[in-house]
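Colleague: Mind looking over this structure? Questions follow.
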Amino acid sequence: MAGAFDTRTLEALLFVSDEPLTPAVLSQALELDRRTVEAMCDRLQAELEERGSGLVLRNVAGGWRLFTHPDTQPQVERFVLSSRQARLTKAALETLAIVAYKQPATRHQVSAIRGVNSDGVLRALTDRGLIEEAGRDEGPGRAVLYATTPQFLERLGLPSLAALPSLAPLLDLGADVEEVTDPVVAPEAAPSDPAELDGTMTDEAPSEAEGEG
């Protein structure tokens, strides 16, 4: 039978997860049967709503995930996109590095290099003004091409893309994104702290106004 500690642990697991957690995963983590876990999720969902929490628990894509309450969307979006509060996440830095060196690049190319779907990260970087649409690919489907913006150069303190560090000492872009990321966020003329890309910013920052923990 689930106790207060189990409920607390459940909420903590949901808070730190960046994807929906299935009953099977939660059952294994909590060492409880799936029926008990599902009942706990239903109860937590109701409790959050009853106490007027800024978070809501939803059953999406076959699992449970915490989100910020829809009523808080305007304020949360403004906070997340604020140049003073939002820090680029590791995923955003990786994606930005790939676009910077490979531009113009399509979403498919970026996702293939990173090994994960990067649509959401590309949208976030576009919203932040660090990348922009730069035409269409000539191949089938006429995919959108992405390139960095003048604001990207400004944030890194670079006069032009030619000032980006050479990739010659590194493996090629497809080998290891981590190796590609470093020169972009810390070139000789650029800020030493990736957070400085966004001024005095204070991660994986919530999306959709998602309550990613």
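Colleague: Counting only residues that are surrounded by 17 or more Cβ atoms within 10 Å (Cβ to Cβ) and modelled with pLDDT of 85 or more, how many does the range 150-163 have?
Modeller: Taking the range 150-163 first, the residues surrounded by 17 or more Cβ atoms within 10 Å (Cβ to Cβ) are 152-153, 155-156, 158.
Next, from what is left, pick out any that are modelled with pLDDT of 85 or more: 152-153.
Number of matching residues: 2.
Colleague: Separate question: Give me the residue from the range 1-39 that is at pLDDT 90 or above, among the charged types (D, E, K, R) and assigned to a loop (DSSP other than H, G, I, E, B) and, out of that set, surrounded by the fewest Cβ atoms within 10 Å (Cβ to Cβ).
Modeller: Among those residues, the one meeting the criterion is GLU31.
Colleague: So which residues in the range 127-141 are loosely packed, with under 15 Cβ neighbours inside 10 Å and either modelled with pLDDT of 90 or more or not in a loop (DSSP other than H, G, I, E, B) (or both)?
Modeller: Hits for the range 127-141 are ASP127, GLU133, GLY135, ARG136.
Colleague: Report, by residue number, each residue of the range 55-73 that is touching a strand residue (DSSP E or B) at 6+ places or on another chain (Cβ under 6 Å) and farther than 13 Å from LEU14 by Cα.
Modeller: HIS69, the sole residue that qualifies.
Colleague: Oh, and also: Scan the range 89-126 residue by residue and report those that are open to solvent by less than 20 Å² (accessible area, probe 1.4 Å), within 13 Å of the chain's Cα centre (by Cα) and over 19 Å from GLN151 (Cβ atoms).
Modeller: Within the range 89-126, ALA91, SER118 qualify.
Colleague: Considering only residues of the range 44-61 that are open to solvent by less than 50 Å² (accessible area, probe 1.4 Å) and not β-branched (Val, Ile, Thr), which is nearest to THR22 (Cα to Cα)?
Modeller: Checking each candidate, the answer is LEU57.
The values are calculated or read from the model by the stated rules, or taken from the named source; none is laboratory data. This structure is a prediction, so every number in the text was calculated from the model and none was measured. Backbone-built Cβ (ideal geometry, glycine too); neighbour counts: all protein chains shown. The accessibility values were calculated without ligands, DNA or RNA, using every heavy atom of the protein model including side chains. Shrake-Rupley method; radii C 1.70, N 1.55, O 1.52, S 1.80 Å.
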